[in-house]
Every structure is written in C-alpha cells, then in structure tokens.
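Remarks on the structure that follows.
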Amino acid sequence: MRQTILYPYSWALRYGRGEVLDLAIQNAAMYEVSATEKAPYLDIAGTVQAEMELLSLFVLNRDLVKPRQLS
C-alpha cells in the first residue's frame with residue numbers, strides 16, 4: 001500500500017529537473033507559527049530546463065480551511 005505523500009514526491013522527482021528558480025511570494029497572507037513568528041499560507045518552488053523550454057512550478061497551500069489565490 002502506498003502512502004499519500006508518495007505522489008507529491010514522485011511528481012517533484014519527475015518534473016523538478018534543471019536549474020532551481022529563486023521564487024518569492026509577495027503580499028502573502030500569513031498565519032502564526034509561534035508567538036513571535038509567522039509563515040505564509042502559500043509556498044512555491046520551481047525549476048526550469050531552458051534547453052527543453054520546460055518550467056515546473058510546485059505550489060503548496062497550507063491553509064486547511066480555504067483555497068488561496070495565486071497570480
């Protein structure tokens with residue numbers, strides 16, 4: 001039996017090839033991690049394979065209550 005975490009990892013291994021992009025989300029909604037720290041609901045990572053003209057983006061929504069928009 002496969003664990004559900006298998007699929008995101010397999011997609012990252014399959015599509016996350018090439019050079020890693022330095023991405024940042026601006027004006028992100030945040031949630032409290034501790035009394036002094038906050039983290040954005042959305043997290044993003046990406047890679048690019050220029051020779052194949054292939055861009056891969058991986059977006060994580062940490063909000064367990066509602067969807068978040070990304071533009």
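Laid out as a table, the results:
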quantity: Residue 58-residue 11 pseudo-label distance in nm [points 7 Å out on the Cα-to-Cβ vector]; calculated: 1.0 nm
quantity: Å² per residue, accessible surface of the chain at 1.4 Å; calculated: 92 Å²
quantity: Tilt relative to the chain, helix 6-15 - C-alpha long axis, 0 to 90 degrees, to 10; calculated: 50 degrees
quantity: Dipole magnitude of the chain about its Cα centre (Cβ charges: Lys, Arg +1; Asp, Glu -1), debye to nearest 20; calculated: 360 debye
quantity: Carbon/sulfur fraction of accessible area - the chain, other protein chains in place, 1.4 Å, %; calculated: 54 percent
quantity: Calculated FRET efficiency for the pair residue 1/residue 44, C-beta based, R₀ 30 Å, to 0.05; calculated: 0.50
quantity: Low-density loop cleavage sites - GluC sites (Glu not before Pro) in region 5-60, where at most 12 other Cβ are within 10 Å (DSSP); calculated: 37, 53
quantity: Charge context of residue 38, other residues only, Cβ under 14 angstrom, K/R +1, D/E -1; calculated: -3
quantity: Amide N of region 34-55 lying under 19 Å from the label point, which is placed 7 angstrom from the Cα of residue 19 along Cα→Cβ; calculated: 45-55
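The values are calculated or read from the model by the stated rules, or taken from the named source; none is laboratory data. Everything numeric here is computed off the predicted structure, so don't read it as measured data. Counting neighbours? That spans all protein chains shown, and the Cβs are built from the backbone with ideal geometry, glycine included. Accessible surface is based on the protein model in full, side chains and every heavy atom, while ligands, DNA and RNA are left aside. Shrake-Rupley method; radii C 1.70, N 1.55, O 1.52, S 1.80 Å.
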